[in-house]
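Each remark here refers to the structure printed beneath this line.
Values in this text are rule-based calculations from the coordinates and carry no lab data. Please read all numbers here as calculations on a predicted model, not as lab measurements. Please note: Cβ atoms are built from the backbone with ideal geometry, for glycine as well, and neighbour counts cover all protein chains shown.
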Amino acid sequence: MSRTIRLFHRWLAPVFIVIMIAVLSTQGSAVGTILQRVQQGMVLIFALSGLYLFALPWWVKWRRGSKKSAIRQAARHEHTGA
Ligand code: HEM
């Protein structure tokens, strides 16, 4: 899942640059207005997928940490027989 989002974010980058150039060169026309809407949508998608990539390292660490404590807890139960 995280790999898919990273690839999605990566491949959207050149598309975004092309749209940016298109928006700049069609400013003021009807096509320009539509492209501007597309660009706005893409910024939102970028922001959401970027936020996910940003939070990913902490999320992974947090998940590993809670798994480790679960293992520790299970081991403790084995010792005490609880
Ligand atoms: C609000 C907008 C954005 C946010 C919050 C964001 C955030 C991020 C984050 C957190 C990463 C991962 C960095 C890491 O590896 O630790 C990333 C990677 C990347 N971002 Fe963005 N980004 C945004 C917009 C953009 C835009 C507009 C572009 C280019 C047009 C872009 C291109 C890339 C590329 C090429 C990577 C590397 C992907 C990879 O590792 O395969 N990002 N971004």
- Query: Quick one: would you say residue 72 is within 8 Å of the ligand (Cβ to nearest atom) and in a helix (DSSP H, G or I)?
  - Reply: no
- Message: Looking only at residues that are more than 9 Å from the ligand (Cβ to nearest atom) and in contact (Cβ under 8 Å) with a residue 40 or more places away in the chain in the range 1-23, which one is surrounded by the fewest Cβ atoms within 10 Å (Cβ to Cβ)?
- Response: 2
- Query: List, please: which pairs have Cβ atoms under 8 Å, are six or more places apart or on different chains, and start with a residue in the range 41-54 that is within 18 Å of residue 3 (Cβ to Cβ) and end with one that is assigned to a helix (DSSP H, G or I) and more than 8 Å from the ligand (Cβ to nearest atom)?
  - Reply: 49/5; 49/8; 52/2; 52/5; 53/2; 53/5
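Just wondering, is there one or more residues in the range 25-41 that are touching a Ser or Thr at 6+ places or on another chain (Cβ under 8 Å), of a type in the set (Gly, Ala, Ser) and surrounded by 11 or more Cβ atoms within 10 Å (Cβ to Cβ)? Talk me through it step by step, then tell me what you get.
Start the filter on the range 25-41 by keeping residues that are touching a Ser or Thr at 6+ places or on another chain (Cβ under 8 Å), which leaves 32, 35.
When the remaining residues are screened for being of a type in the set (Gly, Ala, Ser), the result is 32.
If we keep only those that are surrounded by 11 or more Cβ atoms within 10 Å (Cβ to Cβ) as well, we get 32.
Looking for residues that are touching a Ser or Thr at 6+ places or on another chain (Cβ under 8 Å), of a type in the set (Gly, Ala, Ser) and surrounded by 11 or more Cβ atoms within 10 Å (Cβ to Cβ), one finds at least one in the range 25-41, hence yes.
Considering only residues that are away from the ligand (no atom under 13 Å from the Cβ) and in a helix (DSSP H, G or I), which ones fall in the range 24-50? Break it down into steps so the answer makes sense when it comes.
Taking the range 24-50 first, the residues away from the ligand (no atom under 13 Å from the Cβ) are 24-38.
Of everything in the range 24-50, those that are away from the ligand (no atom under 13 Å from the Cβ) and in a helix (DSSP H, G or I) turn out to be 24, 25, 30, 31, 32, 33, 34, 35, 36, 37, 38.
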